[in-house]
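Values quoted throughout were computed directly from the atomic coordinates according to the rules given, and no laboratory measurement underlies them. Remember, predicted model here, so these are calculated numbers, not experimental data. All Cβ positions, even for glycine, are placed from backbone atoms using ideal geometry, and neighbour counts span all protein chains on display.
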Amino acid sequence: MVRTKQFDRFAALDEAMELFWERGYHATSIQDLVDRLAVNRQSLYDTFGGKDALYLAALERYRTLAAQPVRMALEREGPVQEVLQRFFSDFLDNFLAGNWKGCFMVNATAELAGQDEGVSRVCAANTRQLEAAFAGLIARGQQAGEIDASRPVLPLARFLVSTMNGLAVTAKATRDRKVLDQIVEVALRIVS
C-alpha cells in the first residue's frame with residue numbers, strides 16, 4: 001500500500017518561503033527546513049527534491065503571490081503620477097511596518113542570482129513582469145498626455161523597477177521615511 005504524504009505541499013512551501021526570506025539561502029539548513037515544516041527529511045526530498053529545488057519553488061511561489069497586488073496597484077484608475085505616488089507610498093509603508101525582512105526577490109538577487117542560474121532566471125522573469133506592469137502604466141500616461149510620448153516606455157519602466165529595488169535595499173539600511181520619500185520624489189519627477 002502506498003503511503004500518502006502527511007502534509008499540504010503549498011502550506012509547506014509557504015513555510016519554506018518564510019524561512020528562506022527570514023534567513024536567506026545560505027543560513028538555512030535542511031534541518032531548519034525539516035523543523036520549520038514539521039516534515040521528515042525524506043518527505044521533503046521526495047516532494048521538493050532538496051534544498052536547491054525547494055528554494056527555487058519558494059521563490060516562484062513568492063513571485064506568484066506578489067505579482068497580483070503589484071499589477072492591481074499599477075492598474076488603479078487616476079492620473080499616472082498619483083498612481084505611482086500611491087504605489088510607492090504603500091510600498092514603503094509595507095517596508096517600514098513592523099519586522100520587515102525586505103523583498104524576498106531582491107534578497108535572492110543579491111545573495112544568489114550572480115551564482116545560481118536557476119535563481120537568476122526566476123529573478124529575471126520577475127523583473128520582466130514588473131517592467132511590463134510599469135510599462136503599461138507609462139503607456140497609459142503617454143496616451144493621456146501626462147507623460148511625454150517621445151520618451152521610450154521600456155527604459156522608464158526599467159528605471160522604476162530599479163527605483164523599487166533600490167528602495168527595498170535602502171529601506172533595510174535606513175528606516176528614515178523622509179530619505180525614502182525623497183528618492184520617490186526624484187523618481188517621479190524623472191518619469192513625469
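Hydrodynamic radius of segment 1-82 by the Kirkwood approach over all distinct alpha-carbon pairs: 14.3 Å. Projecting the Cα atoms of Ala125, Ile183, Ser150 onto the charge dipole of segment 107-192, computed from C-beta unit charges around the Cα centre, puts Ile183 farthest toward the positive end. Assign one of three labels to segment 63-192, namely rounded, prolate or oblate, based on the Cα gyration tensor with a ≥ b ≥ c the square roots of its eigenvalues; rounded applies when a/c is under 1.5, prolate when it is not and a/b is larger than b/c, and oblate otherwise. It comes out oblate by the Cα gyration axes. Placing unit charges on the Cβ atoms only, positive for Lys and Arg and negative for Asp and Glu, gives the chain a dipole magnitude near 120 debye about its Cα centre.
Between the alpha-carbon centres of segment 92-139 and segment 1-74 there is a gap of 18 Å. Helix-only arithmetic for the chain: the sum of -39500 (n - 2.57) across DSSP H runs with n ≥ 4, divided by the residue total, places the mean residue ellipticity at 222 nm at -24000 deg cm²/dmol. All other residues whose Cβ lies under 12 angstrom from that of Thr127 are scored, Lys and Arg at +1 and Asp and Glu at -1, for a net of +3.
Distance between the 7 Å Cα→Cβ label points at Arg61 and Arg41: 2.1 nm.
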